[in-house]
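Structure first, commentary second.
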């Protein structure tokens, strides 16, 4: 079994007075795609935000390559090798594709290998090379998602954390993106993916966690989970 | 069999600019039952509550409550007919005490009670929801669980015939959830009909007599909890389209 | 209400106002207390909107000024007796407030506040151009009008007691409303108007009633004030200074409380008197008021009463 790159230990977090996560633990292993599934409101996005540092965890720990990064400010996490592709992409829509990618490489870590990375990214996403001067806000949904992932990759990450890949995208686009992710995974990138579509998540992950009511409801290898009624129970309560 | 339904929605639709939030929705609630409303995020559940209690008026369709057409009536008039609701994001009257909050609810509800009688109803509601020990505490000093209970007590103090509960369990720890479920059951036993939106699936499935599933503002399914949970269309709405994964395997 | 101690606290204040100047025929004290009465009347009635319903009425002067105009004009042009003219002023201005209120109370927050100023400007413009009201020169009434009251010296005493009565009525009115169901509804509106509506509070009706009610006694006070001066002109009658001061007083004393307003009015009047007579501050009176308001809003939002209640919780049982 591959080594653990990211580990979350008994994480508790919430917004204001409302607690959303009630003690969540999971691991993401090197070179694997780990999926997190669960109903809306279960805490998937909150988990990613707590890991990235967008919100402060209340209790528990986040360990990255065995280092405690729980309270590390977000921009320093990026320096360490985290890249977050947020839900809804959150691109700089009035900037060009190239500028968005440039902003992905803001850290010192990324600056080192900038030129080479940009070339590699354009190889992975030829469509983006064609449209590099186009304003990000004018691209299609699928192309925007490509920019979001590409921007994440520009920071030379050890772990790519993606919040909702398939949301609002046509199937053929999703397939293209997933094929690219598979390639990156084979090159050693660790991916943590939050995904709405359970079937999709199970089809491409190496390991999956099911969140319900702010906790891990069940976990396991995709083929094992697909057979059990647990997932349906997590989503529908029965 | 029972008389006419307590609440009836007939082909109700609501559009916000380009977004069709609720589309041609019809269902009924019978007196004394607990109806659960579920559906993936953005399905239109909160909008539906807002349409029923008059915050928005529907574009088309009719809403009948206890035989009276309440379509598009202002919230305070709907309250007078005997309908009360709680909010997903609690709305306490912050600088008033728990007791004062409940008195307001009691004064302006169904019977338009005078101050004295309203106080009695407020006390009863506080007792039912277990807020006795915090009766004279300012609403802003309550914990989130307390505020949720206050939201419930205040709605109850109006002695409504129909209670709309909007995610009343969200943000509560397991013990508090247990307690609230008990309170909701007691409320039903006291003769109040309940329409409940909840994301805590196990809770809503065990509380509800019947379930209506909403997706993209339309009714996807309706029936007993067990029926709805094994309905393929419902499962697909929550778990996603299996065809997408199949296509992927095909290409792999 | 008769069973609660605060009823008697108010009675005591009224008795003090009525009795103290009588001691040794203290005309100087009487005149300063007239001003206190005016401030307390204006601030208490403003409190119904500001402290209870949470609607900031910047233009409450319009009730005072318009009441003054109606009363003075009825006496000047139609020879009506004082008492009837005062009543007519009160009723007339309340009725107008109800009509205007139904319109402007659809607005919230800053928009409502601005519209109240707009009303003052509009009414002032009207008064300046309305010839029966003397246009911008105003109306002078002859000293003859004081004869039915027993001559000028005695008239001033009668007018003074009328002021005390109006002040007392204002305090009792705000107290009665606060302890009633209507008042509960207003307070709920002030806390969270949308939640109040959902709870069944008939918000449009209640707001309009509060606005109209808050006009009645200030209109009568205006009638008394300008009758006493025997002269009214638009620039005095619609001077926004007075309504701004009323807001400061409410905030200073503790908005939403009855005793706070009375206390605030009294203290403000003393402060103002000091500032006006002090050589350094004579011209900065309004600036000081503005700075005071800012400080209160930032650091002491519950005003004096909030401070007193926090140090002396038992006071809450007696005072309102």
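If the condition is being over 10 Å from the mean Cα position of the chain (by Cα) and in contact (Cβ under 8 Å) with a residue 60 or more places away in the chain, then segment C:28-47 contributes C:30, C:32, C:33, C:34, C:35, C:36. All of (1) part of a loop (DSSP other than H, G, I, E, B); (2) crowded, with 18+ Cβ neighbours inside 10 Å hold for residue A:167 with one exception: (2).
Checking the stated criteria, residue B:111 turns out to be part of a loop (DSSP other than H, G, I, E, B) and either on the phi < 0 side of the Ramachandran plot or touching a helix residue (DSSP H, G or I) at 6+ places or on another chain (Cβ under 9 Å) (or both). Here residue A:222 meets each of (1) crowded, with 20+ Cβ neighbours inside 10 Å; (2) within 24 Å of residue A:172 (Cβ to Cβ) with one exception, condition (1). Just so you know, in segment C:158-182 the residues that are in contact with a helix residue (DSSP H, G or I) (Cβ under 6 Å, 6 or more places away or on another chain) and within 14 Å of another protein chain (Cβ to nearest Cβ) include one that is modelled with the lowest pLDDT, and it is C:181. Output the number of residues of segment B:114-140 satisfying the condition of being within 12 Å of another protein chain (Cβ to nearest Cβ), more than 13 Å from residue B:158 (Cα to Cα) and assigned to a helix (DSSP H, G or I). Summing the residues that are within 12 Å of another protein chain (Cβ to nearest Cβ), more than 13 Å from residue B:158 (Cα to Cα) and assigned to a helix (DSSP H, G or I) in segment B:114-140 gives 3. Just checking, does segment A:13-30 include any residue being within 13 Å of residue A:211 (Cβ to Cβ), without any contact (Cβ under 8 Å) to a residue 24 or more places away in the chain and crowded, with 20+ Cβ neighbours inside 10 Å? Within segment A:13-30, none of the residues are within 13 Å of residue A:211 (Cβ to Cβ), without any contact (Cβ under 8 Å) to a residue 24 or more places away in the chain and crowded, with 20+ Cβ neighbours inside 10 Å. Restricting segment B:49-81 to residues that are in a loop (DSSP other than H, G, I, E, B) and in contact with a strand residue (DSSP E or B) (Cβ under 7 Å, 6 or more places away or on another chain), the residue that is farthest from residue B:146 (Cα to Cα) is B:59. Given the criterion in contact (Cβ under 8 Å) with a residue 60 or more places away in the chain and either over 24 Å from residue B:172 (Cβ atoms) or surrounded by fewer than 21 Cβ atoms within 10 Å (Cβ to Cβ) (or both), identify the matching residue among A:52, A:2. Step by step, each of A:52, A:2 is checked, and only A:52 is in contact (Cβ under 8 Å) with a residue 60 or more places away in the chain and either over 24 Å from residue B:172 (Cβ atoms) or surrounded by fewer than 21 Cβ atoms within 10 Å (Cβ to Cβ) (or both).
Would you say residue C:145 is over 21 Å from residue C:11 (Cβ atoms) and in a helix (DSSP H, G or I)? Criteria met by residue C:145.
Scan segment A:172-194 and give yes if some residue there is in contact (Cβ under 8 Å) with a residue 24 or more places away in the chain, under 21 Å from residue A:38 (Cβ atoms) and within 10 Å of another protein chain (Cβ to nearest Cβ), otherwise no. Yes, segment A:172-194 contains at least one residue that is in contact (Cβ under 8 Å) with a residue 24 or more places away in the chain, under 21 Å from residue A:38 (Cβ atoms) and within 10 Å of another protein chain (Cβ to nearest Cβ).
To keep it simple, each residue is scored yes or no on (1) at pLDDT 90 or above; (2) loosely packed, with under 15 Cβ neighbours inside 10 Å; (3) not in a helix (DSSP H, G or I).
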| site | (1), (2), (3) |
| --- | --- |
| C:9 | no, no, no |
| C:18 | yes, no, no |
| C:34 | yes, no, no |
| C:40 | yes, no, no |
| C:64 | yes, no, no |
| C:90 | yes, no, no |
| C:111 | yes, yes, no |
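Considering only residues that are at positive phi and touching a residue at least 60 places away in the same chain (Cβ under 8 Å), look in segment B:43-78 and name the one that is farthest from the other protein chains (Cβ to nearest Cβ). Checking each candidate, the answer is B:67.
Is there a residue in segment B:192-213 that is out of contact with any strand residue (DSSP E or B) (no Cβ under 8 Å at 6 or more places or on another chain) and more than 10 Å from chain A (Cβ to nearest Cβ)? Checked against the condition, which is being out of contact with any strand residue (DSSP E or B) (no Cβ under 8 Å at 6 or more places or on another chain) and more than 10 Å from chain A (Cβ to nearest Cβ), segment B:192-213 yields no hits at all.
Could you list, in sequence order, the residues of segment B:88-98 that are more than 8 Å from chain C (Cβ to nearest Cβ) and either surrounded by fewer than 22 Cβ atoms within 10 Å (Cβ to Cβ) or part of a loop (DSSP other than H, G, I, E, B) (or both)?
B:88, B:89, B:90, B:97, listed by residue number.
The values are calculated or read from the model by the stated rules, or taken from the named source; none is laboratory data. What you are looking at is a predicted structure, and each value in this text was computed from that prediction instead of being measured. Here the Cβ is made from the backbone with ideal geometry for all residues, glycine too, and neighbour counts use every protein chain on show.
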